[in-house]
Amino acid sequence: MSDKCFGQPLAEVLAEATATLAAAGVPSPAVDAELLAAHVLNTSRGRLKSLQMMGESFSVADDVAYAKLVARRATREPLQHLTGVAYFRYLELEVGPGVFVPRPETETVVQIAVDFAKELEGPRLVDLGTGSGAIAGSLAHELSGAEVHAVELSDLAFPYAQRNLAPLGVHLIQGDMRDAFAELDGTCDVVVSNPPYIPANAVPREPEARDHDPRMALYGGGEDGMVMPRAAERSAARLLRPGGLFVMEHAEVQAPQMAALFEEGGVWSNIQTHRDLTGRDRSTSGIRR
């Protein structure tokens, strides 16, 4: 953004920022421009709209800060890294470089787990590879009386999970999902996982993911990306009691592979593929025999 914006009305500043972000290929330029402005002004997006209607302007200092953030977003640095916040279901999560930014499609995975567990009294749930803590935190927040456990391996992501999950009473450990929570084997009601699953040669198109999401949160291992999904399935099989639910997120194109993985596991019944809010096949579930 240019110096001519300094002192201009908010509406004009936002219009220029939107144009800048649109030219850079940002998928939602107007929304991002507003969210960045709300962040700089320490206000809500709704309040920001009111300020626009009132003809308010940025201060010079806020103008400078906003211009810098817009310039960074135009390089496709994730919005959530700039604001330090990601919104997921009913939670406001702290995020930043080194932790996977939770996506809307994962909210559907959480809903599957919530719908199953809400019929149980004092359910025990495990989140394998929690990242920011989005899944585990949502389960703890939405299921009264639930006992929620989560594991994260990354040294960079783990502190984010600690800060996000501590207020919610989640039992968090740092470790490998392949052998985590051995003391809970055969006693869990629900296991959820959004493991790394991208194949080695399938580089994400979006710069936000390709250039900024941690590689260990993206690539599942092996040419087919299935090393970590297989590990999650094996861990779920040992953790769950008979009748317990396992649900795992994956790429749309991997739905047949995931269904086959569950079948080959030999311990799952009622294997189902689930669609996200956009109608894509983005998760698979099974019931432990």
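Residue 177 passes every criterion in (1) over 17 Å from the mean Cα position of the chain (by Cα); (2) crowded, with 22+ Cβ neighbours inside 10 Å; (3) within 21 Å of residue 95 (Cα to Cα) apart from (3).
Among residues belonging to segment 244-289 that are assigned to a helix (DSSP H, G or I) and over 24 Å from the mean Cα position of the chain (by Cα), point out the one that is surrounded by the most Cβ atoms within 10 Å (Cβ to Cβ). It would help to see each step written out before you state the result.
Step one: of segment 244-289, the residues assigned to a helix (DSSP H, G or I) are 252-265.
Add one more test, that the residue is over 24 Å from the mean Cα position of the chain (by Cα), and what stays is 260, 263-265.
Values: 260: 14, 263: 11, 264: 10, 265: 18.
It comes out as 265.
Tell me which residues, restricted to segment 78-111, are among the β-branched types (Val, Ile, Thr) and at pLDDT below 95. Across segment 78-111, there are no qualifying residues. Considered as a group, the residues in segment 36-65 that are among the β-branched types (Val, Ile, Thr) and closer than 17 Å to residue 82 by Cβ include one that is surrounded by the most Cβ atoms within 10 Å (Cβ to Cβ), and that residue is 40.
Here the condition is being farther than 24 Å from residue 279 by Cα and touching a helix residue (DSSP H, G or I) at 6+ places or on another chain (Cβ under 7 Å); of 125, 120, 153, it holds for 125 alone. Is it the case that some residue within segment 68-78 is at positive phi and of a type outside the set (Val, Ile, Thr)? Yes: segment 68-78 contains one or more residues that are at positive phi and of a type outside the set (Val, Ile, Thr).
Conditions (1) aliphatic (A, V, I, L, M); (2) in contact (Cβ under 8 Å) with a residue 60 or more places away in the chain, marked per residue:
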| position | (1), (2) |
| --- | --- |
| 110 | yes, yes |
| 113 | yes, yes |
| 131 | no, yes |
| 141 | no, no |
| 147 | no, no |
| 154 | no, yes |
| 167 | no, no |
| 179 | no, no |
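Taking the criterion of being in contact with a Leu (Cβ under 9 Å, 6 or more places away or on another chain), open to solvent by 60 Å² or more (accessible area, probe 1.4 Å), in a loop (DSSP other than H, G, I, E, B) and not basic (Lys, Arg), the residues of segment 84-119 that qualify are 97, 104. Can you confirm whether residue 127 is crowded, with 17+ Cβ neighbours inside 10 Å and within 29 Å of residue 270 (Cβ to Cβ)? So residue 127 passes the test. Scanning segment 98-150 for residues that are under 14 Å from residue 246 (Cα atoms) and among the acidic types (Asp, Glu) returns 115, 127.
Suppose we filter segment 191-241 for residues that are assigned to a helix (DSSP H, G or I), open to solvent by less than 40 Å² (accessible area, probe 1.4 Å) and either among the acidic types (Asp, Glu) or at pLDDT 95 or above (or both); how many remain?
Number satisfying all stated conditions: 10.
Is it the case that segment 141-152 has a residue that's in a helix (DSSP H, G or I), modelled with pLDDT of 95 or more and more than 23 Å from residue 231 (Cα to Cα)?
Scanning segment 141-152 turns up at least one residue that is in a helix (DSSP H, G or I), modelled with pLDDT of 95 or more and more than 23 Å from residue 231 (Cα to Cα).
Identification of helices (runs of 4 or more DSSP H) wholly contained in segment 1-76 with 2 or more residues that are touching a residue at least 40 places away in the same chain (Cβ under 8 Å) and touching a Phe, Trp or Tyr at 6+ places or on another chain (Cβ under 8 Å) yields 10-23, 60-74.
The values are calculated or read from the model by the stated rules, or taken from the named source; none is laboratory data. Quantities reported herein were computed from a predicted structural model and do not represent experimental measurements. Heads up, the Cβs are rebuilt from the backbone with ideal geometry, glycines too, and the neighbour counts pull from every protein chain shown. Ligands, DNA and RNA are excluded from the accessible area calculation, which covers all protein heavy atoms including side chains. Shrake-Rupley method; radii C 1.70, N 1.55, O 1.52, S 1.80 Å.
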